[in-house]
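Student: This structure is in structure tokens; I'll ask about it shortly.
The values are calculated or read from the model by the stated rules, or taken from the named source; none is laboratory data. Note that the structure is predicted; figures quoted are calculated from it, not measured. So basically every Cβ, Gly included, is an ideal-geometry build from the backbone, and we count neighbours across all protein chains shown. Side chains are part of the model used for accessible areas, which takes the heavy atoms of the whole protein and leaves out ligands, DNA and RNA. Shrake-Rupley method; radii C 1.70, N 1.55, O 1.52, S 1.80 Å.
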Amino acid sequence: MERIGHLVRLPGSSGERELQRRYGSEERAERFYQQQVLDQLNEHMQEFVARQEMMFVATSDSRGECDCTFRAGPPGFVQVLDERRIAWPEYRGNGVMASLGNITENGYVGLLFVDFFRDVIGLHVNGSAMIVEHDEMRLMLGDPEVDPVRGRRPERWVLVHIDEAYMHCAKHIPRLLKLPRDRAWGTDDTRRKGGDFFGAAKERCAAQ
């Protein structure tokens, strides 16, 4: 929800409002907007984010071409700075920087946190993002403790100013069982990164 002068812009795009009228879901949608959509993280949402170990990140470039990726870390790797700001660390990856590249062109991001293990519920957080270098974020976070896991070091951070936060319905979220696994943070070992699981490298070589 965005406040413009004394007016408050209602949640939702013009496209979704049009489809609600077309398919007769206006009443249900309005009830959801009124009961579930906030323009900040309330106390329950902050606590939820602060214990998550994974999230999905949607971005798009200046042409609207989209990318969706996955981020993970220790519980609370996404830092709740206050009710309107969160930040997550960017660890060493494949070097492509697709999400960060999109953010430099188009700062709007859509985040989805899903708890598959305890509460079996999801939380959407939408807002505008910016890249913050690690030394600058350390000042904001009060110089956090060094992570004990070798290879899991933030190179930089993404800071998000929140516009919307709302629940993702539990109805179709599966309950999963968490099992111990040795995760190779920061590795360049091709096999431990998944190898050529989908055969893309083999196809590219064959096409040359």
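Student: How many percent of the accessible area of the stretch 69-208 is carbon or sulfur, using a 1.4 Å probe? Each step should come with its number before you reach the end.
Tutor: Working: 4810 of 9080 Å².
Carbon-and-sulfur percentage of accessible area, whole number: 53.
Student: Also, I was wondering about something else. Helix-only estimate, please: 222 nm mean residue ellipticity of the chain, summing -39500 (n - 2.57) across DSSP H runs of length 4 or more and dividing by its residues, to the nearest 500. Can you show the working numbers first?
Tutor: On the way: 6 runs with 53 residues, N = 208.
Calculated at 222 nm, the ellipticity per residue is -7000 deg cm²/dmol.
Student: Now for a different question. Excluding ligands, DNA and RNA, what is the solvent-accessible area per residue of the chain at a probe of 1.4 Å, expressed in Å²? Write down the numbers at each step before the final one.
Tutor: Working: 13920 Å² over 208 residues.
Per-residue value: 67 Å².
Student: Tell me, Kirkwood radius of the stretch 124-183 from alpha-carbon pair distances, in Å?
Tutor: Values: mean 1/r = 0.0659 Å⁻¹.
This gives a value of 15.2 Å.
Student: How much length is gained on full extension from residue 92 to residue 200, taking 0.36 nm per residue of separation minus their Cα-Cα distance? Mind dumping the intermediate values first?
Tutor: Details: separation 108, 0.36 × 108 = 38.88 nm, distance 2.21 nm.
The residue 92-residue 200 span can extend by a further 36.7 nm.
Student: Shifting gears a bit: So, R0 is 30 Å and r is the distance between the beta-carbons of residue 35 and residue 69; what FRET efficiency does that work out to, to 0.05? Display every interim value, and only then the final one.
Tutor: On the way: r = 30 Å, r/R0 = 1.01.
Plugging the Cβ-Cβ distance into 1/(1 + (r/R0)^6) gives 0.50.
Student: Mind checking which of 83, 16, 47 has the largest fluctuation in a GNM of the chain, springs on alpha carbons under 10 Å?
Tutor: For the chain, modelled as a Gaussian network with Cα springs under 10 Å, the answer is 16.
Student: So if each residue of separation counts as 0.36 nm, and I subtract the Cα-Cα distance between residue 82 and residue 112, what length gain in nm does that give? It would help to have the intermediate numbers written out before the result.
Tutor: Values: separation 30, 0.36 × 30 = 10.80 nm, distance 1.83 nm.
Residue separation times 0.36 nm, minus the Cα-Cα distance, leaves 9.0 nm.
Student: Can you spot the aspartates and glutamates whose alpha carbon is less than 16 Å from residue 171's alpha carbon? Ignore those fewer than 8 places along the same chain.
Tutor: Cα-Cα hits under 16 Å: 115, 119.
Student: Right, here's the next one. Report the Stokes-Einstein translational diffusion coefficient (µm² s⁻¹, integer) for the chain, Rh taken as the Kirkwood radius over Cα pairs, at 20 °C with viscosity 1.002 mPa s.
Tutor: Values: Rh = 19.3 Å.
It diffuses with D of about 111 µm²/s by this estimate.
Student: With charges set only on the Cβ (+1 for Lys and Arg, -1 for Asp and Glu), what does the dipole of the chain come to about its Cα centre, in debye to the nearest 20? Present the calculation step by step, with values, prior to reporting the outcome.
Tutor: Working: 29 positive and 33 negative charges, 162 e Å.
Result for the chain is approximately 780 debye, rounded to the nearest 20.
Student: Let me ask something additional. Need one number: the % of Cα-Cα pairs in the stretch 75-153 sitting beyond the 14 Å mark.
Tutor: Details: 2221 of 3081 pairs.
Beyond 14 Å sits 72 percent of the P(r) for the stretch 75-153.
Student: Could I ask something else about it? Name the lysines eligible as straight-distance cross-link partners of residue 202: C-alpha to C-alpha under 20 Å, and not fewer than 8 places from it in the same chain.
Tutor: Result set, ordered by chain and number: 193.
Student: Figure the gain on full extension for residue 104 and residue 128 (residue separation times 0.36 nm, minus the Cα-Cα span) and round it to one decimal in nm. Provide the component values of the computation, followed by the final result.
Tutor: Numbers: separation 24, 0.36 × 24 = 8.64 nm, distance 1.09 nm.
Result: 7.5 nm gained on full extension.
Student: Taking the chain as the reference, fit the longest principal axis to its C-alpha atoms, fit the long axis of helix 14-23 to the helix C-alpha atoms, and give the angle between the two in degrees, 0 to 90, nearest 10.
Tutor: 70
Student: Looking at the P(r) of the stretch 1-105, how many percent of alpha-carbon pairs lie beyond 24 Å? Working shown, then result.
Tutor: Values: 2482 of 5460 pairs.
Of all Cα-Cα distances in the stretch 1-105, 45 percent exceed 24 Å.
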